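To keep things clear, I will list the structure first and then write my remarks on it.
The values are calculated or read from the model by the stated rules, or taken from the named source; none is laboratory data. Quick caveat: nothing in here was measured; it's all calculated off a predicted structure. Cβ atoms come from the backbone with ideal geometry, glycine included; neighbour counts cover every protein chain shown.
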Amino acid sequence: MAQTNMMSNDEMSFGDLLEQSLRQDEIRDGDIVKGTVVALRKDAAVIDFGFKSEGMVRLSEFPSIEGQPQVKVGEVINVFVLSRRENADGLCELSKTKADQMRIWDDIAKAHDEDSTIEGVIVARVKGGLSVDIGVKAFLPGSQVDLRPIRNLDKLIGERFAFKVIKFNKRRNNIVLSRRLVLEKEREALKSDTLAKLQEGAILDGVVKNITEYGAFIDLGGIDGLLHITDMSWGRLGHPSEMFKVGDEVRVKVLKFDPATERVSLGLKQIQDDPWTDADKKYKVGNKVAGTIVSLTDYGAFIELEPGIEGLVHVSEMSWTKRVKHPSKLYSIGDGVSAMVLDIDISQKRISLGIKQTEPNPWTLLSKKYPVGTVIRGPIRNITDFGIFVGVEEGIDGLVHISDISWSGRFKHPSDLYEVGIDVEAVVLNIDVDSERFSLGIKQLTDDPWRAMPDRLQPGSMVNARVLKVSREEAYVELEPGIEGLLPADEYANTPTDLTSALKMGDSLSLVVYDVSPEQRTIFVSRRRQAE
């Protein structure tokens, strides 16, 4: 170890060591230097730390989120020189952890003594709480994560927060943090301002803090108020989450306030008139209306037709041709849209809307344009386990089911035969306008070879075949165009044989047919019996 004024590296501060290293013309073991990540290997990062030297830092020394080291090429880091002696790869041994530890302990002590905060990233769930990377690993107890208990701590992994240092012990490498103390201090500062303006009848801005079955808790600024589900909207709500999500900003009216208990009851519908009184006169079934998207859910979009009246466009009513996985793929909150009234129920205060109904339905024209038996040509747009999707028109794909690809069916997955983007021909099998399904077939372009199987492919027939596919236990061979035979390993020779070592794709063989199974559409062939 390099020494200065008879002090060891553990006794010197990080700043002293870094300054000492920068003053020296030659880097020695025990020095701290700046280096640049120039390459990433399987288990280490290669660091250029100057003086025509490169070293390696193990990836396990970098912060990891869900098993992925958080490091990239070009990043500049401080490293501790463990050894200047080069290994077999010509690299010196470096340590990021050692350098970080010597720096971070100064910051930790300062934050603890001055009651200030220190930033870190939550990297993992551990017993009793969370692990936080603040340069070194620290422990955040579950009781210190937030003002209220959080059920799913995993959702915080990867998030950066400010923390208070509750206690630390450098010798034992033990650090305990608190985020709750930071939030409590912020909350107390807001609370005094909120109390000054909190009175019945006041209209205040708040943020949705928590959602329950019976309402939503609104953070007014250091004090929470309850917005009951019955006071949210003139319309009927099944659950508050249909209208709000945590983090939404909302303007509410104070209905009741008890200074002694600091309980606050809030209302939203009280600041507006009930618009549903004559809604059925304004919005008749079949009428075209205009509105603004105010909420997006997995199943659809809510359109505000006027303040207090919203209609639902279900995801299935958004497009004739596009498969909409989520409304956010087509629309954003605040977009202006046109829609058609499909249904209105004043008693339930519900209006069903459709966007696609404002345009012609292209599926009604397909059956006339593509009668059954029509041969089409188009690009493969997607490949799945059950078939391939072929582009017919813009926004309309036809499905070639895996059973309609080949008469032989000797493939494990459609991707064994096709690639996305290539053009293929197929024949129209069926068009279901109501279900919006377009069925295609490729094998139907040719006759079923099994219906007219030649007599020469009967048991006892001698054939010349070409190897199509080989495994240890069996090989598939082509006997006729579209007709394949199965050659088991024990039918290749009199002695046990690994077919992968004896055959390869494209090999030609003389074989004899010894069994035919029309039900399995399989012809069994033998080389051993042919030789005999």
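Within region 264-290, take every residue that is modelled with pLDDT of 90 or more and under 24 Å from Val207 (Cα atoms) and give me the one that is surrounded by the most Cβ atoms within 10 Å (Cβ to Cβ). Result: Leu266.
Would it be correct to say that Arg125 is more than 27 Å from Val79 (Cβ to Cβ), of a type in the set (Lys, Arg), in contact with a Leu (Cβ under 9 Å, 6 or more places away or on another chain) and assigned to a strand (DSSP E or B)? For Arg125, the condition - more than 27 Å from Val79 (Cβ to Cβ), of a type in the set (Lys, Arg), in contact with a Leu (Cβ under 9 Å, 6 or more places away or on another chain) and assigned to a strand (DSSP E or B) - is met.
Taking the criterion of being surrounded by fewer than 16 Cβ atoms within 10 Å (Cβ to Cβ), at pLDDT below 90 and not acidic (Asp, Glu), the residues of region 291-313 that qualify are Val294, Pro307.
Residues that are assigned to a loop (DSSP other than H, G, I, E, B) and either among the polar types (S, T, N, Q) or surrounded by 15 or more Cβ atoms within 10 Å (Cβ to Cβ) (or both) within region 36-56 comprise Phe49, Ser53, listed in sequence order. No other residue among Ala88, Ala109 is in contact (Cβ under 8 Å) with a residue 12 or more places away in the chain, of a type outside the set (S, T, N, Q), surrounded by fewer than 17 Cβ atoms within 10 Å (Cβ to Cβ) and not in a strand (DSSP E or B) apart from Ala109.
Taking the residues in region 57-85 that are of a type in the set (S, T, N, Q) and more than 17 Å from Asp43 (Cα to Cα) as candidates, determine which candidate is surrounded by the most Cβ atoms within 10 Å (Cβ to Cβ). Looking at residues that are of a type in the set (S, T, N, Q) and more than 17 Å from Asp43 (Cα to Cα), I get Asn78. Please tell me if Ser192 is hydroxyl-bearing (Ser, Thr, Tyr), under 34 Å from the mean Cα position of the chain (by Cα) and not in a strand (DSSP E or B). When the stated conditions are applied, Ser192 does not pass them. The set of residues in region 100-117 that are more than 17 Å from Phe161 (Cβ to Cβ) and under 35 Å from the mean Cα position of the chain (by Cα) comprises Asp100, Gln101. Residues that are surrounded by fewer than 19 Cβ atoms within 10 Å (Cβ to Cβ) and under 19 Å from Val38 (Cα atoms) within region 96-106 comprise just one, Thr97.
Would you please name the residue that is modelled with the lowest pLDDT, looking only at residues in region 372-404 that are farther than 13 Å from Val427 by Cα, touching a helix residue (DSSP H, G or I) at 6+ places or on another chain (Cβ under 8 Å) and aliphatic (A, V, I, L, M)? It comes out as Ile396. The residue of region 415-431 that is surrounded by the fewest Cβ atoms within 10 Å (Cβ to Cβ), among those that are of a type in the set (Val, Ile, Thr) and without any contact (Cβ under 8 Å) to a residue 60 or more places away in the chain, is Ile422. Among the numbered conditions (1) in a loop (DSSP other than H, G, I, E, B); (2) modelled with pLDDT of 80 or more, tell me where Val33 comes up short. Of everything listed in (1) in a loop (DSSP other than H, G, I, E, B); (2) modelled with pLDDT of 80 or more, Val33 misses just condition (1). Could we say that Tyr331 is of a type in the set (Phe, Trp, Tyr) and exposed (fewer than 13 other Cβ atoms within 10 Å of the Cβ) here? Judged against the criteria, Tyr331 is not a match. Selection of region 311-348 for residues being over 22 Å from Phe438 (Cα atoms), of a type in the set (Gly, Ala, Ser) and part of a helix (DSSP H, G or I) yields only Ser328.
The combined condition, being at positive phi, in contact with a strand residue (DSSP E or B) (Cβ under 7 Å, 6 or more places away or on another chain) and either of a type outside the set (A, V, I, L, M, F, W, C) or at pLDDT 90 or above (or both), is fulfilled by Gly247. Can you tell me which residue in region 281-339 is nearest to Gly391 (Cα to Cα), limited to those that are without any contact (Cβ under 8 Å) to a residue 40 or more places away in the chain and among the small types (Gly, Ala, Ser)? Going through the qualifying residues, I end up with Ser316. Residue under question is Leu177, and the condition is that it be in contact with a Leu (Cβ under 9 Å, 6 or more places away or on another chain), modelled with pLDDT under 90 and either closer than 22 Å to Gly221 by Cβ or not aromatic (Phe, Trp, Tyr) (or both); does it hold? No. Of the residues Glu66, Glu75, Glu19, Glu11, the single one that is closer than 30 Å to Asp154 by Cα and at pLDDT below 80 is Glu66.
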